[in-house]
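In what follows, a single structure is set out as structure tokens and then discussed.
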Amino acid sequence: MSISYLFAGITLIAVILATFLNQTRQAILSLWIAGLAMGAIYLTIGVELLAIIQWIVSTLVTVSFVFFAVMFGEFNPSALPQKRKINWLMFLSLCLGLAFIGVIWLGIRGFPAQSQSFSLGLSDLTSMGKILTQEYFLSLEILGLILFFVLVGGGVISRFEGDEQE
Amino acid sequence: MMVLSGLIGALGLVCMVSRKTLLGLLIGVQLLIMGSTMMFVFAGISAGLETQGHIFGLFITLGGVAQIVVGYALAIRLFFIRKQTSIDDIRMLKQ
């Protein structure tokens, strides 16, 4: 249990750094650390499948962030650090986030105390695979179709067209 | 832990609002997705429906990958058209 809260602390620090750091490369590195620590939380509570998927997704997203940041010139030494927009929208989003946390805090007070503890081993890969293929098979198919269409659509949207070059 | 997931989502929202580039916007989206995934997982644990919460977290994570891919594609499109990825000057994607 305590190691879960250790990883939760690492996740929170990394997320704060990813949100407030100005340098893009440091923000991307913090996002990667946050993803890895979140996968570690999942692993400590017995969700191996989600932990592995979280690690894979975080690493691939980080690699692609680095690739696109290089392509867009944000890693250029001459590029100035971006100035942050600190306006009423930021304070509004902070207030919304705090209100969101408050609603969650009020909501979880209604749960029985013993159900908020973690239980290990009840969601092993075998039972999750069975439920995925027996009860959520249509959802799995739809998700696969969405990912396929996104792959094709992303290629179509980002294709190079000579006419757009000035 | 559910409060932590809400905090991650809230910080993702702040990141989306405050950053000026498309990649910063996508970092915020990724944080929001991570927070919502964690929320479903721990809500499932709290409600005694662990496996269902984990499966919904799996679907949210993979659906988030699709959103990130579309964001990358739009960023590339914008970079082709405008030669920059700052979101301050974007009012329409059409050239």
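The values are calculated or read from the model by the stated rules, or taken from the named source; none is laboratory data. Remember, it's a predicted structure, so these values are computed and weren't measured experimentally. Here Cβ is always computed from backbone atoms with ideal geometry, including for glycine, and neighbour counts include all displayed protein chains. Just so you know, the surface numbers come from the protein's heavy atoms only, side chains and all, with ligands and any DNA or RNA stripped out. Shrake-Rupley method; radii C 1.70, N 1.55, O 1.52, S 1.80 Å.
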- Long-range neighbours under 7 Å by Cβ, at least six apart or interchain, first residue over 13 Å from A:Val61 (Cα atoms) within the stretch B:55-71, second outside any helix (DSSP H, G or I) and of a type outside the set (Gly, Ala, Ser): B:Ile55/A:Tyr136
- Message: Against the definition (open to solvent by 10 Å² or more (accessible area, probe 1.4 Å) and more than 8 Å from every other protein chain (Cβ to nearest Cβ)), how does B:Ile76 come out, yes or no?
- Response: no
- Message: Looking at the stretch A:3-39 only, could you name the residues that are touching a residue at least 40 places away in the same chain (Cβ under 8 Å), open to solvent by 70 Å² or more (accessible area, probe 1.4 Å) and among the polar types (S, T, N, Q)?
- Response: A:Gln23
- Note on the structure: Condition set open to solvent by less than 10 Å² (accessible area, probe 1.4 Å) and small (Gly, Ala, Ser), scope the stretch B:11-45, selection nearest to the chain's Cα centre (by Cα): answer is B:Gly28
- Task: Could you tell me which numbered condition B:Ala10 fails, if it satisfies all but one of (1) out of contact with any helix residue (DSSP H, G or I) (no Cβ under 6 Å at 6 or more places or on another chain); (2) at pLDDT 75 or above?
- Result: (1)
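Mind listing whichever residues of the stretch B:48-64 are open to solvent by 30 Å² or more (accessible area, probe 1.4 Å) and within 7 Å of chain A (Cβ to nearest Cβ)? Quick ask: steps written out before the conclusion?
Our first condition is that a residue be open to solvent by 30 Å² or more (accessible area, probe 1.4 Å); within the stretch B:48-64, this holds for B:48-49, B:52, B:56, B:59-60, B:62.
If the condition is that a residue be open to solvent by 30 Å² or more (accessible area, probe 1.4 Å) and within 7 Å of chain A (Cβ to nearest Cβ), then B:Gly48, B:Phe59, B:Leu62 are the ones that fit.
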- A careful count of residues in the stretch B:11-54 that are without any contact (Cβ under 8 Å) to a residue 12 or more places away in the chain and in a helix (DSSP H, G or I) gives 8
- Task: Name the single residue, out of those in the stretch A:120-166 being surrounded by 10 or more Cβ atoms within 10 Å (Cβ to Cβ), out of contact with any helix residue (DSSP H, G or I) (no Cβ under 7 Å at 6 or more places or on another chain) and part of a loop (DSSP other than H, G, I, E, B), that is modelled with the lowest pLDDT.
- Result: A:Leu120
- Query: Taking the stretch A:22-31 only, how many residues are more than 10 Å from chain B (Cβ to nearest Cβ) and in a helix (DSSP H, G or I)?
  - Reply: 3
